[in-house]
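Step one of this worksheet: look at the structure below.
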Amino acid sequence: MAYDLLKGKKGIIFGALDENSIAWKTALKVKEEGGKFVLTNAPVAMRMGKINELARQCETEVIPADATVEQDLINLFTRSMEILGGKIDFVLHSIGMSPNVRKGKDYGDLNYDWFLKTLDISGVSFHKVMQAAEKTEAMNEWGSIVALSYIAAQRTFPDYSDMAQAKAVLESVARSYGYRFGKKLKVRVNTISQSPTKTTAGTGISGFDAFFDYADMMSPLGNASADDCANYIVVMFSDLTRMVTMQNLMHDGGFSTTGISDEVIAKISR
Ligand SMILES: NC(=O)c1ccc[n+]([C@@H]2O[C@H](COP(=O)([O-])OP(=O)(O)OC[C@H]3O[C@@H](n4cnc5c(N)ncnc54)[C@H](O)[C@@H]3O)[C@@H](O)[C@H]2O)c1
């Protein structure tokens, strides 16, 4: 059921790779709620993924941009305003990648060039996106900017490796830029800390199935799905959440505040 929550709003959605991507599901929900947007992803993802299929479905365009390249981002905001015919009300940063994780490097044997790449792609890029938005004067007052995080920013999940540091950077950038954008334009900036989700980025973490099942067992509501996450993002883009900013919002079925669950006790009891 649609509520027209985003009627008249314009935005940019980063990170739709295939139909499992959280950004893909979000694009479909945003369209359903009346929002207009352009899609973007790294040039390499254009070749690997199916983003053009999504663009056809959403009757929109794709603007390639590497989120670590400032000039790409300036071009993205400038072109988006031309295509959408005005300034931007919402931005979704749904980007994550660690070369160390992808190549199976042990946490005690990290390649530091790759570590910096992880931080740049998955954390610093959030700052770059907002700086480009500010420099191009792209944001409307009372706009909303959301990035996706994971609880490994606060608690250790060994296989998450250097992505844990990247998520800590991401959440910190949300607070610092949230202050700045709030003062300047009443734009709010938040991160949503999502349950493990079966996507390309998620399943790239070794031991993902165990992560997923453990979190599901520990959460009184079970894991939040990508569709549930898309719904939450829509609410965060809507005028119903105008005073929420600089927060890391847990979207995890209760995982983060559960000490132990009956299911986990049953599993480990002899
Ligand atoms: N899947 C999970 O378990 C889970 C849990 C919590 C948070 N998240 C976060 O959700 C977000 C979306 O991931 P997903 O799970 O939908 O997986 P996904 O693989 O579908 O999306 C990740 C996206 O990042 C894009 N990307 C990588 N490098 C880029 C660059 N240089 N410039 C622009 N885009 C780039 C990829 O092309 C891809 O579209 C990520 O931030 C991820 O860390 C995922």
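With the alpha-carbon atoms of the chain aligned to their principal axes, the span from lowest to highest coordinate is 64, 43, 38 Å, starting with the largest.
Length available on full extension from A210 to H127: 0.36 nm per residue minus the Cα-Cα distance, which gives 26.7 nm. Between 0 and 90 degrees, the angle of helix 70-84 with respect to the longest Cα principal axis of the chain falls at about 60 degrees.
Find the centroid of the Cα atoms in the range 29-93 and in the range 166-236, then give the distance between the two in whole Å. If we compute the Cα centre of each part, the gap is 20 Å.
The three principal axes of the Cα atoms in the range 61-112 give end-to-end lengths of 49, 19, 16 Å, sorted in falling order. When the pairs K128/K167; K103/K198; K7/K50; K31/K87 are compared against a 22 Å limit on Cα-Cα distance, K7/K50 fall above it. Once C-alpha pairs closer than 8 Å and six or more residues apart are averaged by separation and normalised to the residue number of the chain, the relative contact order reads 19 percent.
With contacts taken as Cα pairs under 8 Å and at least 6 residues apart, the range 1-124 reaches a relative contact order of 26 percent. The angle separating the long axis of helix 208-218 from the principal Cα axis of greatest extent in the chain is about 80 degrees. Helix 163-185 and the longest principal axis of the C-alpha atoms of the chain enclose an angle of approximately 30°.
Bear in mind these aren't lab numbers, they're just calculated from the coordinates by the rules spelled out. Here the structure is a predicted model, which means the values were calculated and not measured.
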